[in-house]
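As structure tokens, the structure follows; a few thoughts come after it.
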Amino acid sequence: MTMARLSEGMCRVLQGHGASGMTLLDEVTSGGVSPIHAGIAYCNMIAAWSEVFDLRRAKEWTAALTRWCDA
């Protein structure tokens, strides 16, 4: 579900449906997926929040990615 929510949320954002896309993106977690998919999810979430200029969320995901990498 992680990758599906990420993909659908990003598609909605890029199609100009920011509110519904961001709602889906808020549901994305990095848990329950392989390390490769988790890394992809982290990077794409940072890009998604940067795309809509939500720097608070981009910063949160960057910090989460840093913690994940450190682990």
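Values in this text are rule-based calculations from the coordinates and carry no lab data. Quantities reported herein were computed from a predicted structural model and do not represent experimental measurements. Every residue, glycine as well, gets a Cβ built from its backbone with ideal geometry; the counts of neighbours run over all protein chains shown.
Summary of computed values
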{"item": "Filtered residues of the range 52-71 (kept if in contact with a helix residue (DSSP H, G or I) (Cβ under 6 Å, 6 or more places away or on another chain) and not polar (S, T, N, Q))", "result": "VAL52, ARG57, ALA58, TRP61, LEU65"}
{"item": "Residue in the range 1-15 that is under 16 Å from TRP61 (Cβ atoms), of a type in the set (Val, Ile, Thr), under 11 Å from the mean Cα position of the chain (by Cα) and surrounded by 13 or more Cβ atoms within 10 Å (Cβ to Cβ) present", "result": "yes"}
